[in-house]
Amino acid sequence: MDEDVRPWTGTVQAHYSDQFADLDDGYGFKFETVPMHPSFQALAAPWESAAQYRERMARLPRTALVGILLRDRFGGRVTVDQDGAAVVDYRVSRYDAAHLRRAIAAAAELLEAAGAREIWVPLARAITYRPGAANARQDWLRRVDAAGWGPNQLLLVTFHQMASCRMGASARTSVVDSEHRVWGIRGLYVADASVFPTSSGVNPMLTVMGIAHRAAGVIAGHLS
């Protein structure tokens, strides 16, 4: 931006937009504002040289962030290796990638309207554009596509992990039964967002509180 916005100050989430939250049967994306501390900029900024990286970090006071909150329809898997360690496998599906690309394009449009002079996305390579020229955003999106969406190409972070220990009616398709009990392990219960059948698409705080309250009642009943 032309002026300091000091993205590390202010409220955690002052504004959000759910205009695109339901693009297809409840799946889509939201925009949120979040505080961006130096460590976030350091994580997201592309590295092509020490000088380029330092220059990007020095511009943090004038950097504004549009947070894209994507509700992904197709998740990953968590398995256990021979040493008993958890192994997480996740790839953005073609379906979800289409929503993500639309979100990036819309976020760029939003930043243009807000007066941004240079726009970039957290790719491993420095792919930026300056609004004003004809088809600048479209040309930028083509370069973003060419840079790649795979592992170590685009920074993705996750919040509120859900459904990794999903609740269900069968041990073949779920981890816990309808009373929060882990299938086949007596006395072991799960009571957090991991028991959701799938991603809720909203902040799960109140739902997690409800789940925990329900589980506590169930456990108390079993102990009595």
Open item on the list: For residue 48, only one of the following conditions fails: (1) outside any loop (DSSP other than H, G, I, E, B); (2) loosely packed, with under 14 Cβ neighbours inside 10 Å. What is its number?
Closed with: (1)
- [ ] Give me the pairs, please: first residue somewhere in region 54-67 and more than 11 Å from residue 42 (Cα to Cα), second residue anywhere and part of a strand (DSSP E or B), beta-carbon distance under 9 Å, and either six or more positions apart or on two chains.
- [x] 66/31; 66/32; 67/16; 67/30; 67/31; 67/32
Task: Unmet requirement for residue 219, which otherwise passes all of (1) β-branched (Val, Ile, Thr); (2) without any contact (Cβ under 8 Å) to a residue 40 or more places away in the chain; (3) in contact with a helix residue (DSSP H, G or I) (Cβ under 6 Å, 6 or more places away or on another chain) - done: (3)
TODO: Exactly one condition in (1) surrounded by fewer than 16 Cβ atoms within 10 Å (Cβ to Cβ); (2) of a type outside the set (A, V, I, L, M, F, W, C); (3) within 30 Å of residue 166 (Cα to Cα); (4) modelled with pLDDT under 90 is not met by residue 72; state its number.
DONE: (1)
Task: region 25-53, residues that are under 25 Å from residue 106 (Cβ atoms), touching a residue at least 12 places away in the same chain (Cβ under 8 Å) and charged (D, E, K, R) - done: 30, 32
TODO: Would you be able to say whether some residue in region 164-175 is at negative phi, assigned to a loop (DSSP other than H, G, I, E, B) and within 17 Å of the chain's Cα centre (by Cα)?
DONE: yes
Open item on the list: Please go through (1) within 28 Å of residue 25 (Cβ to Cβ); (2) of a type in the set (S, T, N, Q); (3) in contact (Cβ under 8 Å) with a residue 24 or more places away in the chain for residue 207 and return the number of the only condition it doesn't satisfy.
Closed with: (3)
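The values are calculated or read from the model by the stated rules, or taken from the named source; none is laboratory data. Just so it is clear, the structure is predicted and the values come from calculations on it, not from any experiment. For neighbour counting, all protein chains shown are included, and Cβ atoms are generated from backbone atoms with ideal geometry for every residue, glycine included.
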